[in-house]
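Pasting in a structure now, in structure tokens, and then I'll have a few things to ask.
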Ligand code: UT7
């Protein structure tokens, strides 16, 4: 059997819509306030897509930047994987729309649905294709337009989420010389499927006038229940990845931007400070599958991914699902 091909992250990109929605905006429509939102989540503002903007549009912006940074063109891609729970359409996938818009004429394309763990899931899928010699250049995107699925009558959920997209181009490490994926981990516990849930619109509860009126096509969240799970998973994934490495080898942790308090509580458990953690939730809120790649791109542009040091991606969310990626930058 041929040996596994080592895979690297050749380039990253990100895009957030122009419209900034501050916490004050929610005060106009709900019984909430800036102080509560900042204290309980760390979020100060988030971005909402324009009316004529959908998830594939966000994907294309992020992808173009990632391709430029990787130094390749779309027609060199073998595969495009989009992670999203807010696709343009129920059918077909968002990935095929991106494939067409980019002119990626030689690429296969499909979506993965793993909510906030979507980007790491797509990253591992792309890595596996290249490692097995089944593809050489893979574009991986995490993108969401969750503003279309928020219940603006539910103050416990709608204040958290935002829109955005982040992308990464994968290729053999020998060709790009950076961002080698050393280890991946994925997990799921579907017994918690109702914790973060969009009940209507599928085969279980097809759309009717009544389901629409009852907000069944919007995100329903049991925040308190998912809080504990998120803290536990974030800390255990980091511990698992660092068990074979010295603490000095760690360059940066890029966690899912779920809630500032969740990130702080996980770091507390690990006896770590936030010095080596990228946090940008104050600017974008929780962008689900876009959260990790947007943060990773920010880390790259701010030179926080240090060559030779470890970068740890960790994500967890609806499903329940979780996943992590250990990278030697
Ligand atoms: O990416 C994965 C998906 N996201 C998550 O898994 C989110 C994880 N959970 C969280 O981030 C937090 O649980 C929330 C931010 C959703 C909620 O924060 P919390 O500290 O867990 O609040 P809570 O749900 O325990 O609610 C505490 C109080 C309640 O009032 P009472 O019952 O104590 O009188 C809520 O009604 O805060 C109230 N509340 C609010 N008050 C003002 C809930 N939302 C708001 C709000 N403004 N927006």
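The values are calculated or read from the model by the stated rules, or taken from the named source; none is laboratory data. All values reported here derive from a predicted model rather than from experimental measurement. Ideal geometry is used to build each Cβ from the backbone, glycine not excepted, and the neighbour counts take in all protein chains shown.
Inspect all residues belonging to segment 110-132 and state whether any of them is in contact with a strand residue (DSSP E or B) (Cβ under 6 Å, 6 or more places away or on another chain), modelled with pLDDT of 95 or more, surrounded by fewer than 21 Cβ atoms within 10 Å (Cβ to Cβ) and more than 24 Å from residue 187 (Cα to Cα).
no
Oh, and also: Would you confirm whether or not segment 40-52 contains a residue that is modelled with pLDDT of 95 or more, more than 16 Å from residue 287 (Cα to Cα), away from the ligand (no atom under 13 Å from the Cβ) and surrounded by fewer than 20 Cβ atoms within 10 Å (Cβ to Cβ)?
There is at least one residue in segment 40-52 that is modelled with pLDDT of 95 or more, more than 16 Å from residue 287 (Cα to Cα), away from the ligand (no atom under 13 Å from the Cβ) and surrounded by fewer than 20 Cβ atoms within 10 Å (Cβ to Cβ).
List every residue pair whose Cβ atoms sit under 8 Å apart, with the two residues 6 or more apart in sequence or on different chains, where the first one lies in segment 198-216 and is more than 17 Å from residue 150 (Cα to Cα) and the second, anywhere, is modelled with pLDDT of 95 or more and assigned to a loop (DSSP other than H, G, I, E, B).
Qualifying pairs under 8 Å: 205/199; 205/216; 206/200.
Go through segment 234-257 and give me each residue that's in contact (Cβ under 8 Å) with a residue 12 or more places away in the chain and out of contact with any strand residue (DSSP E or B) (no Cβ under 7 Å at 6 or more places or on another chain).
Residues satisfying the conditions are 235, 239.
Then there's this: Quick one: which strands (runs of 3 or more DSSP E) sit completely within segment 1-94 and have at least 2 residues that are within 23 Å of residue 172 (Cα to Cα)?
Result: 7-15, 79-83.
I've got another one for you. In segment 164-198, what count of residues is obtained for those that are surrounded by fewer than 16 Cβ atoms within 10 Å (Cβ to Cβ), within 16 Å of the ligand (Cβ to nearest atom) and assigned to a loop (DSSP other than H, G, I, E, B)?
Residues that pass the stated criteria total 3.
Could you grab me the full set of residues in segment 217-233 that are within 16 Å of the ligand (Cβ to nearest atom), in contact (Cβ under 8 Å) with a residue 60 or more places away in the chain and farther than 15 Å from residue 189 by Cα?
Correct list: 218, 219, 220, 221, 223.
Turning to a different aspect of this structure: Before we move on, is residue 72 within 26 Å of residue 132 (Cα to Cα) and within 21 Å of the chain's Cα centre (by Cα)?
When the stated conditions are applied, residue 72 does not pass them.
Related question: If residue 117 satisfies all but one of (1) touching a residue at least 60 places away in the same chain (Cβ under 8 Å); (2) more than 16 Å from the ligand (Cβ to nearest atom); (3) closer than 19 Å to residue 316 by Cα; (4) assigned to a helix (DSSP H, G or I), what's the number of the condition it fails?
Residue 117 satisfies every listed condition except (2).
Next question. Output the number of residues of segment 1-39 satisfying the condition of being more than 16 Å from the ligand (Cβ to nearest atom) and in contact with a strand residue (DSSP E or B) (Cβ under 9 Å, 6 or more places away or on another chain).
Matching residues across segment 1-39 total 16.
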